[in-house]
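Q: I'd like to ask some things about the structure below.
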Amino acid sequence: MRELGLYIHIPFCIKKCNYCDFYSLCHSSVKEQEYISALCKHIKRDAHKYKDCEFNTVFIGGGTPSVLSVDGFNTLAKTVNNHLNLTQGGEFTLEANPGTLTREKLLSYRRAGVNRLSIGLQSTNGEELSTLGRIHTVDEFSRGYLLARECGFDNISIDVMYGLPNQKIGDFTKTLDQVCDFNPEHISAYCLKIEENTPFYKQRERLSLPSEDEQYEMYLLLCNTLGKRGYSQYEISNFAKKGYRSKHNMKYWQSKEYVGFGPSAHSFFDGVRYFYPRDINSYIVDPVAEIEDESRENSAKIDQMDEYVMLKLRLKDGISEGEFFGRFGSELLAEYPSINKYLKSGHMELRNGSYSFTPSGFFVSNYILTDILHF
Ligand SMILES: C[S@@+](CC[C@H](N)C(=O)[O-])C[C@H]1O[C@@H](n2cnc3c(N)ncnc32)[C@H](O)[C@@H]1O
Ligand code: SF4
């Protein structure tokens, strides 16, 4: 059966963090009810398109899905379980903010089939949490995390951030050590990006951010520390214990198919990439998707190659020469000769027939990609 990933966007948070540009609004019970009812209607309306497919990964992301009331979550979960073919025992992730977790909510997730939690901690330093505008303390995270374990979650990912205002290498060392002490199965670690339309962007001249060299030092610290603590890096920002890579996120980087519901949710289905605009009100009235680009079949071969190379190079395993040849009928280095330059400089390497970034290359991968790709 054709396998798909399912993404559902929950565009609510208790309060926006100072750095975040993900599509979400402040939560209210009235808006939640309107939204969940529109979302369920949309899922039921489109379910027939996927009758010959099986969703083997589900990801409820946001925003903050754990801000939903138990009733709101249950209504959504029932619709998903009753109208879409979910693989029994498939990966089912829900994103959570530690300030919103309760036993009742966690148990309702378990009952609905959620078997993986991705919890945003960001830092174990109280001052950093308050600079970021987070709604929780480290103790609250710790309580939520232990509660999740008690409720049976044996696959938990923790999000952390580095390159934060006033952050020193020693601060990040402490965060990493403490995060590893919690012993999660998976860790995602992102370098702070100053996004437009955020409070941090408005204050950018006044923020005391680590220099690029310090950020690089933090990145190397991250890769080394997590490696020593048993987490292997499989993507620029993702680290997992053996057997715990995120199957859903791997679909994005391996150009596999996924279907998204909700404003700002993206899909790649039947060769077409599309998304729902970042507007909850128009979504509630009538979800209308916008096509992101030409269908894969019609788009130029060169675009398909660029997209393949860009996504695959995010992964530690990189691009296999043989797989590239099998897919496009030409040699990777003939199509992308600038790769040679980065092999010489040590930013890329060739291992077992696959080209990939080294840690120093990962850190500047955006610059390198603009150089090697055709667009
Ligand atoms: C949708 S949020 C995760 C779940 C939940 N809303 C929370 O914050 O606890 C996804 C993650 O993206 C990361 N993130 C968001 N904005 C970022 C930025 N501007 N720079 C770096 N990482 C960012 C954070 O680590 C965050 O946990
Ligand atoms: S980081 Fe998470 S909690 Fe903070 S605004 Fe973004 S989605 Fe909401």
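The values are calculated or read from the model by the stated rules, or taken from the named source; none is laboratory data. On a predicted model such as this, the values are computed, not experimentally measured, just so you know. Because the Cβ atoms are built from the backbone with ideal geometry, glycine has one as well, and the counts that use them run over all protein chains shown. Ligands, DNA and RNA are excluded from the accessible area calculation, which covers all protein heavy atoms including side chains. Shrake-Rupley method; radii C 1.70, N 1.55, O 1.52, S 1.80 Å.
Q: Please state which one of CYS151, CYS191, CYS180 is over 23 Å from TYR234 (Cα atoms), of a type in the set (A, V, I, L, M, F, W, C) and buried (at least 16 other Cβ atoms within 10 Å of the Cβ). So that I can check it myself, show each step before the final result.
A: Details: CYS191 fails: over 23 Å from TYR234 (Cα atoms); CYS180 fails: over 23 Å from TYR234 (Cα atoms).
Selected residue: CYS151, the only one of CYS151, CYS191, CYS180 that is over 23 Å from TYR234 (Cα atoms), of a type in the set (A, V, I, L, M, F, W, C) and buried (at least 16 other Cβ atoms within 10 Å of the Cβ).
Q: Which pairs do you get when a residue that is touching a residue at least 40 places away in the same chain (Cβ under 8 Å), found in the range 200-213, comes within reach of a residue that is open to solvent by 70 Å² or more (accessible area, probe 1.4 Å), reach meaning Cβ atoms under 8 angstrom, with the pair 6+ apart or on two chains?
A: That search, which allows pairs on different chains as well, returns SER208/ASN166; PRO210/LYS168.
Q: Still on this model: Quick one: TYR367 ticks every box in (1) more than 22 Å from the chain's Cα centre (by Cα); (2) part of a helix (DSSP H, G or I) except a single one, so which number is it?
A: (1)
Q: Please verify whether GLU331 is more than 26 Å from the chain's Cα centre (by Cα) and surrounded by 14 or more Cβ atoms within 10 Å (Cβ to Cβ), treating the condition exactly as stated.
A: The answer is no for GLU331.
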